[in-house]
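Visitor: I am attaching a structure below and will ask some questions about it afterwards.
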Amino acid sequence: MKLLTHNLLSSKCLKGVKVGYPLRIVAKDVKISESEYNMEFVLKMIPKLDWKVLVNAAEQIGHGNNLPIELIEDYEDDEELLKKIHHVLMEVEVINGELICPETQRIFPISAGIPNLLLNEDEVS
Amino acid sequence: MSRPEHLAPPEIFYNDDEARKYTQNSRMINIQLEMAERCLELLMLPEEQTCLLLDLGCGSGLSGSVSEESGHVWFGMDISESMLKVAKEREVEGDLLLGDIGNGIPFQPGTFDGAYSVSTLQWLCNADKSSHKPAKRLYSLFSTLLACLGRNARAVFQFYPENVYQTDLVVSQARKAGFFGGLLVDFPDSTKAKKYFLVLMTGGAMPMPAALGTDNLQINYTSKREKMTKGRASKLVKKSREWILEKKERRRRQGKTTREDTKYTGRARSGRF
């Protein structure tokens with residue numbers, strides 16, 4: 001699972017969960033894969049992302065990549081920063097680990113890079 | 001036509017064997033790719049832009065590779081672990097999630113520029129567990145999908161409805177969730193090439209895209225009643241040029257491959273053969 005997915009994912013499908021964001025992330029295996037740098041896509045995604053969640057998630061799995069804690073205002077011209085963001089968003093992949101719902105502490109296991117979001121019958125809202 | 005959704009729930013039907021079959025059978029692959037291409041076309045994404053798309057029921061990622069080729073980034077969701085494993089083996093670029101789309105789409109508001117689904121929706125019309133209520137599951141799919149789509153984004157579902165009740169159910173639940181749009185039928189004259197697409201739009205009712213293979217559905221006005229009395233067109237002399245042209249036209253309406261009409265159409269051989 002890429003950190004881009006983590007940044008957009010919530011657990012609000014669970015019964016009784018109101019926001020369910022951000023999911024806590026615990027990584028056992030992390031893989032770095034290569035992905036083509038697409039500046040236009042990174043620029044398009046930045047406004048959609050929750051910056052703090054991204055920085056925290058990257059640090060939690062040990063690939064902080066020196067991202068600034070606050071997003072600077074003229075990030076559009078800072079190509080080095082954009083490349084770093086691209087690396088964290090698209091190239092860092094959690095292979096094995098867990099996602100944890102912030103409200104119910106329900107654990108969603110990640111195995112072989114695929115998070116398992118299947119719910120039991122009594123958890124469906 | 002066989003209906004796998006009658007045999008077992010999707011997470012059980014698409015086991016390792018079936019998943020492998022799905023990715024090795026060239027006929028299935030071609031149909032999937034063709035449908036995915038048409039879905040992308042119907043999404044009417046802005047040109048020359050990388051979009052973030054959601055593939056509902058992505059399976060082994062065949063439909064995802066179509067959006068990869070068009071330069072988009074995609075996420076896939078499926079309920080079958082075996083199919084997702086095959087997708088991982090194929091090293092698709094999209095990120096995969098194991099989940100039931102009938103329980104809702106777990107993404108943040110405004111995430112996607114579009115969503116599509118190839119032959120998945122009919123699975124949701126069945127109740128596989130005693131707790132399943134198709135109408136409720138469809139509604140939670142559509143309402144959560146609407147929330148995670150961006151402004152003016154579309155969602156296109158290609159599916160195989162079993163009967164008119166299923167199409168009604170699907171369309172009414174999508175409308176109830178707040179989508180505009182409706183059903184589009186490609187090649188309605190042909191039983192084999194006929195394909196159903198649920199085209200859903202956000203942000204206002206817009207004209208539906210045109211279906212394929214329906215050019216001749218419009219009836220032109222004619223003032224002469226005599227035309228009708230001449231009898232049916234099929235009374236043409238067999239093997240005549242008119243008869244051949246009419247037959248070719250009929251095949252074209254059914255979406256079958258047909259050679260072009262030329263000056264040689266229906267002409268006798270020169271005799272040298």
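The values are calculated or read from the model by the stated rules, or taken from the named source; none is laboratory data. Note that the coordinates shown come from a computational prediction; the quantities given were computed from them, not determined experimentally. Because the Cβ atoms are built from the backbone with ideal geometry, glycine has one as well, and the counts that use them run over all protein chains shown. The accessibility values were calculated without ligands, DNA or RNA, using every heavy atom of the protein model including side chains. Shrake-Rupley method; radii C 1.70, N 1.55, O 1.52, S 1.80 Å.
Visitor: Can you tell me which of B:GLU162, B:GLU68 is part of a loop (DSSP other than H, G, I, E, B) and either touching a strand residue (DSSP E or B) at 6+ places or on another chain (Cβ under 9 Å) or not basic (Lys, Arg) (or both)?
Guide: Answer to the check: B:GLU162.
Visitor: Counting just the residues of segment A:1-46 that are small (Gly, Ala, Ser) and closer than 13 Å to A:HIS86 by Cα, which one comes out nearest to the other protein chains (Cβ to nearest Cβ)?
Guide: A:SER35
Visitor: Based on what the data block shows, is B:GLY181 buried (at least 18 other Cβ atoms within 10 Å of the Cβ), within 21 Å of B:LEU43 (Cβ to Cβ) and in the same structural domain as B:GLY213 (by the TED database)?
Guide: So B:GLY181 passes the test.
Visitor: Residues that are touching a strand residue (DSSP E or B) at 6+ places or on another chain (Cβ under 6 Å) and open to solvent by less than 10 Å² (accessible area, probe 1.4 Å): find the helices (runs of 4 or more DSSP H) completely inside segment A:1-67 holding 2 or more of those.
Guide: The helices (runs of 4 or more DSSP H) meeting that bar are A:3-8.
Visitor: OK, next. Just checking, which of B:LEU146, B:LEU169, B:LEU138 is in the same structural domain as B:ASN103 (by the TED database) and either among the aromatic types (Phe, Trp, Tyr) or over 18 Å from the mean Cα position of the chain (by Cα) (or both)?
Guide: B:LEU146
Visitor: Of B:LEU42, B:LEU52, which residue is facing chain A (nearest Cβ under 9 Å), open to solvent by less than 10 Å² (accessible area, probe 1.4 Å) and out of contact with any Lys or Arg (no Cβ under 6 Å at 6 or more places or on another chain)?
Guide: B:LEU52
Visitor: Shifting gears a bit: If you go through segment B:72-100 one residue at a time, how many are under 17 Å from B:LEU121 (Cα atoms) and within 9 Å of another protein chain (Cβ to nearest Cβ)?
Guide: Total meeting the criteria: 5.
Visitor: Pull out all pairs, ordered by first then second residue, where Cβ-Cβ is under 9 Å, the residues are six or more apart or on different chains, the first lies in segment B:21-34 and is at negative phi and outside any helix (DSSP H, G or I), and the second is loosely packed, with under 14 Cβ neighbours inside 10 Å and polar (S, T, N, Q).
Guide: From segment B:21-34, no pairs qualify.
Visitor: Going through B:THR120, B:THR202, B:THR191, B:THR167 one at a time, which residue ends up being polar (S, T, N, Q) and open to solvent by 30 Å² or more (accessible area, probe 1.4 Å)?
Guide: Of B:THR120, B:THR202, B:THR191, B:THR167, the one residue that is polar (S, T, N, Q) and open to solvent by 30 Å² or more (accessible area, probe 1.4 Å) is B:THR191.
Visitor: Right, something else. Give segment B:175-184 a look and list any residue that's more than 13 Å from B:MET208 (Cβ to Cβ) and in contact (Cβ under 8 Å) with a residue 12 or more places away in the chain, or say none.
Guide: B:LYS176, B:ALA177, B:GLY178 - these are the residues of segment B:175-184 that are more than 13 Å from B:MET208 (Cβ to Cβ) and in contact (Cβ under 8 Å) with a residue 12 or more places away in the chain.
Visitor: Looking for whichever is more than 13 Å from chain B (Cβ to nearest Cβ), open to solvent by 60 Å² or more (accessible area, probe 1.4 Å) and over 12 Å from A:LEU3 (Cβ atoms) here; the options are A:ILE100, A:ILE72. Which one fits?
Guide: None of the others qualify; the one that does is A:ILE72.
Visitor: One residue is enough: does segment A:115-125 have a residue meeting the conditions open to solvent by 50 Å² or more (accessible area, probe 1.4 Å), among the hydroxyl-bearing types (Ser, Thr, Tyr) and modelled with pLDDT under 90?
Guide: Yes, because at least one residue in segment A:115-125 is open to solvent by 50 Å² or more (accessible area, probe 1.4 Å), among the hydroxyl-bearing types (Ser, Thr, Tyr) and modelled with pLDDT under 90.
Visitor: So which of B:LYS247, B:LYS227 ends up being assigned to a helix (DSSP H, G or I), open to solvent by 70 Å² or more (accessible area, probe 1.4 Å) and modelled with pLDDT under 60?
Guide: B:LYS227
Visitor: All but one of (1) closer than 22 Å to B:LEU98 by Cα; (2) more than 9 Å from chain B (Cβ to nearest Cβ); (3) small (Gly, Ala, Ser) hold for A:ALA58, so report the exception by its number.
Guide: Failed condition: (1).
Visitor: Find all pairs meeting these conditions: Cβ atoms under 8 angstrom apart; at least six residues apart or on different chains; first residue within segment A:104-121 and more than 10 Å from every other protein chain (Cβ to nearest Cβ); second residue at pLDDT below 95 and open to solvent by 60 Å² or more (accessible area, probe 1.4 Å).
Guide: Going by the 8 Å Cβ cut-off, the qualifying pairs are A:THR104/A:GLY16.
Visitor: A further question on this structure: Select, from B:SER172, B:SER143, the only residue that is without any contact (Cβ under 8 Å) to a residue 12 or more places away in the chain and surrounded by fewer than 21 Cβ atoms within 10 Å (Cβ to Cβ).
Guide: From the options B:SER172, B:SER143, the qualifying one is B:SER172.
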